[in-house]
1. How would you order 147-154, 208-215 from highest to lowest mean count of nearby Cβ atoms within 10 Å?
2. At a 10 angstrom cut-off on C-beta neighbours, averaged per residue, how do the peptides 31-38, 182-189 rank from highest to lowest?
3. Which value, to two decimals, describes the C-alpha radius of gyration of the chain once divided by 2.2 N^0.38 Å?
4. Can you tell me the 0 to 90 degree angle between the C-alpha axis of helix 119-134 and the longest principal axis of the chain, rounded to 10?
5. Check cross-link reach from Lys191 to the lysines: straight Cα distance under 18 Å, and skip same-chain residues fewer than eight apart.
6. For segment 20-169, what is the charge dipole size about the Cα centre, in debye to the nearest 20, if Lys and Arg each add +1 at the Cβ and Asp and Glu each add -1 at the Cβ?
7. Quickly estimate the mean residue ellipticity at 222 nm for the chain, helices only: each DSSP H run with n ≥ 4 gives -39500 (n - 2.57), and the total goes over all residues, rounded to 500.
8. Which of Ser22, Ser235 has the fewest other C-beta atoms within 10 Å, and how do the rest follow up to the most?
Amino acid sequence: MEQLLKGKTAIITGASSGIGKSTAILLAKNGANIVVADIDEKQGKTVVEKLKSHEGEAIFVKVDTSSAEEVSQMVKTTMDEFGRLDIAVNNAGVGGESALIEEYSVESWDETIAINLSGVFYGMKYQIPAMLENGDGVIINMASILGQVGFASSCAYVAAKHGIVGLTKNGALEYAKQGIRVNAIGPGFIKTPLLEDNLDEEQMEQITALHPQGRLGKPDEISELVLWLASEKSSFVNGAYLPADGGYLAQ
Ligand code: NAD
């Protein structure tokens with residue numbers, strides 16, 4: 001198999017589960033060293049064990065993306081361990097409360113914005129200087145279809161994901177001349193613990209029906225897009241929002 005990322009080093013936040021885990025495995029198969037960065041240490045270390053069969057190295061770094069200090073330390077550990085940072089996938093996220101705006105708690109708003117949006121800003125803030133040392137780099141931010149349209153009872157999540165799309169555009173235009181590309185992915189609903197832990201069977205069926213392809217997505221269908229964006233195959237794609245949503249946004 002052609003290895004698209006041989007010798008590269010990638011940080012993936014939220015890599016202990018779901019889309020992040022699938023991405024860690026695919027990028028490792030493609031030759032990259034992987035930093036599995038997550039708040040869940042137990043699952044994260046299991047992912048690192050899985051990656052050991054691949055050529056690149058893998059380490060776990062415990063991080064809470066809502067802490068600027070911890071995100072800064074995550075990048076520092078990566079540089080100490082591997083000496084360079086080529087790829088960053090800012091993917092960690094939570095669903096937040098399910099409530100209308102008037103009933104939405106300030107605590108859940110603050111937490112969801114801190115993890116999902118500030119976490120991506122802190123990521124970019126500390127990843128970019130490390131990439132400037134290389135003279136190039138790729139940042140991939142995990143937005144959502146809900147970075148383009150609303151979804152009732154999910155105001156903090158929707159606001160955070162729209163914010164990620166804006167941050168992505170700014171990152172692209174501020175650093176394009178210095179060789180850094182920044183793009184965002186907009187998954188439709190994907191079968192991961194984020195969904196399975198928050199929705200009952202009836203809600204799952206309703207959400208499935210919103211996708212013209214008539215099914216939910218699979219984590220691998222998102223990690224393949226991450227791989228393409230991380231590789232030279234997408235060398236002229238910058239500041240883009242790329243949906244992978246079974247047609248959800250086409251309606
Ligand atoms: P998941 O719950 O399977 O994985 C999320 C990971 O993030 C977990 O490993 C969790 O421990 C980690 N995490 C949570 N809070 C954290 C924090 N404060 N600091 C560090 N790590 C933290 O979910 P997933 O579905 O794989 O979601 C990954 C990303 O994809 C999220 O940003 C999510 O919003 C986005 N997304 C998911 C879907 C979907 O339907 N599953 C759709 C669109 C976008």
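We did not get these values from a lab; they are worked out from the coordinates using the rules stated. It should be emphasised that the depicted structure is a prediction, and the values quoted were computed from it without experimental measurement. Virtual Cβ from ideal backbone geometry, glycine too; neighbours counted across all protein chains shown.
1. My ranking of the peptides, most packed first, is 147-154, 208-215.
2. Top of the packing list down: 31-38, 182-189.
3. Working: Rg = 17.1 Å, N = 251, 2.2 N^0.38 = 18.0 Å.
With N residues counted in the chain, Rg over 2.2 N^0.38 Å equals 0.95.
4. It works out to around 20 degrees.
5. Excluding near neighbours in sequence, the set is Lys21, Lys218.
6. For this selection, approximately 520 debye.
7. Result for the chain: -13500 deg cm²/dmol, rounded to the nearest 500.
8. Ser235, Ser22
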